1. Could you tell me whether Q103 is in contact (Cβ under 8 Å) with a residue 24 or more places away in the chain, open to solvent by 50 Å² or more (accessible area, probe 1.4 Å) and of a type in the set (S, T, N, Q)?
2. Of the residues R167, R171, which single one is surrounded by 13 or more Cβ atoms within 10 Å (Cβ to Cβ), over 15 Å from the mean Cα position of the chain (by Cα) and basic (K, R)?
3. Filter segment 182-198 for residues that are closer than 17 Å to Y129 by Cβ and small (G, A, S) and give the result.
4. With respect to I53, is the statement that it is open to solvent by 30 Å² or more (accessible area, probe 1.4 Å) and hydrophobic (A, V, I, L, M, F, W, C) true?
5. Which of the residues spanning segment 79-100 are open to solvent by 60 Å² or more (accessible area, probe 1.4 Å) and either under 24 Å from Y28 (Cβ atoms) or under 15 Å from the mean Cα position of the chain (by Cα) (or both)?
6. Tally the residues that are farther than 22 Å from R19 by Cβ, open to solvent by less than 60 Å² (accessible area, probe 1.4 Å) and among the hydrophobic types (A, V, I, L, M, F, W, C), restricting the search to segment 106-140.
7. Please work out which residue is surrounded by the most Cβ atoms within 10 Å (Cβ to Cβ), limiting yourself to segment 195-207 and to residues that are charged (D, E, K, R) and more than 16 Å from D181 (Cβ to Cβ).
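The values are calculated or read from the model by the stated rules, or taken from the named source; none is laboratory data. None of the values given here were measured: they were computed from a predicted structure. For neighbour counting, all protein chains shown are included, and Cβ atoms are generated from backbone atoms with ideal geometry for every residue, glycine included. Accessible surface is based on the protein model in full, side chains and every heavy atom, while ligands, DNA and RNA are left aside. Shrake-Rupley method; radii C 1.70, N 1.55, O 1.52, S 1.80 Å.
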Amino acid sequence: MIIAIDGPAASGKGTLGRRLAQLYGLAYLDTGSLYRAVGLALLRDNPASGDRIDEHRAAVLARDLDVATLHDPALRDEATGAAASKVAAIPDVRTALLAFQRQFAQKGAVLDGRDIGTVVCPDADVKLYVTASDAVRAHRRFEELRQKGVKTSLGAVLADLQERDARDQARATAPLTRAEDAVLLDTTELDIEDAFARACMEIESRQRMKMSQGTIKR
């Protein structure tokens, strides 16, 4: 079974994806970590680059990505996240990472990201689009950063999320969008337990429907 989870940052899709993978005995891939790894490699390759992204170099780093870097704690840094959002808009980077994601999914997996249900695994057994209001997502991210000791403001976090959303939705290649057959899961007023229960219900409902359709066809 392949479960595709898409949605904007801080919507809760990562936590949900990990729990679903554990429940159903599937591998899990946070595809955003791939772009974060490329962004981190680019920052380390040229620390003084600032907002200037070398698209050619980013594509080279994506093709030569070392999977061991997916466990680097620096992937969760805000600077890495900002760089990841920028390199994710580069078509050659997305092409370089697409094959890796599809190969990972072949034996059954839960993948979360921005274009899983639309591009990476368009034939996924179950597709979820997880979202929440801007205010709730910003508060979640702000609390996460505060617990890490990162000094920032709620307004700054909100502005950053909205900037990333705009970049993800407007890019020409594989923009963030809800697949037509994806179940919408709005977590604005849901805690993780409620969101998890709702997701399980949808997954099991989809699976029963497919089994029923298969029986009818036979």
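1. On the way: in contact (Cβ under 8 Å) with a residue 24 or more places away in the chain: no; open to solvent by 50 Å² or more (accessible area, probe 1.4 Å): yes; of a type in the set (S, T, N, Q): yes.
Spelling it out, it is not the case that Q103 is in contact (Cβ under 8 Å) with a residue 24 or more places away in the chain, open to solvent by 50 Å² or more (accessible area, probe 1.4 Å) and of a type in the set (S, T, N, Q).
2. On the way: R167 fails: over 15 Å from the mean Cα position of the chain (by Cα).
Among R167, R171, only R171 is surrounded by 13 or more Cβ atoms within 10 Å (Cβ to Cβ), over 15 Å from the mean Cα position of the chain (by Cα) and basic (K, R).
3. If the condition is that a residue be closer than 17 Å to Y129 by Cβ and small (G, A, S), then A182, A195 are the ones that fit.
4. Numbers: open to solvent by 30 Å² or more (accessible area, probe 1.4 Å): yes; hydrophobic (A, V, I, L, M, F, W, C): yes.
Against the criterion (open to solvent by 30 Å² or more (accessible area, probe 1.4 Å) and hydrophobic (A, V, I, L, M, F, W, C)), I53 qualifies.
5. Within segment 79-100, T95, A99, F100 qualify.
6. Looking only at that region, the number is 2.
7. Here is the first cut: in segment 195-207, the ones charged (D, E, K, R) are 198, 202, 204, 206.
Checking which are more than 16 Å from D181 (Cβ to Cβ) leaves us with 198, 204.
Values: R198: 17, E204: 11.
Of everything passing the filter in segment 195-207, R198 is surrounded by the most Cβ atoms within 10 Å (Cβ to Cβ).
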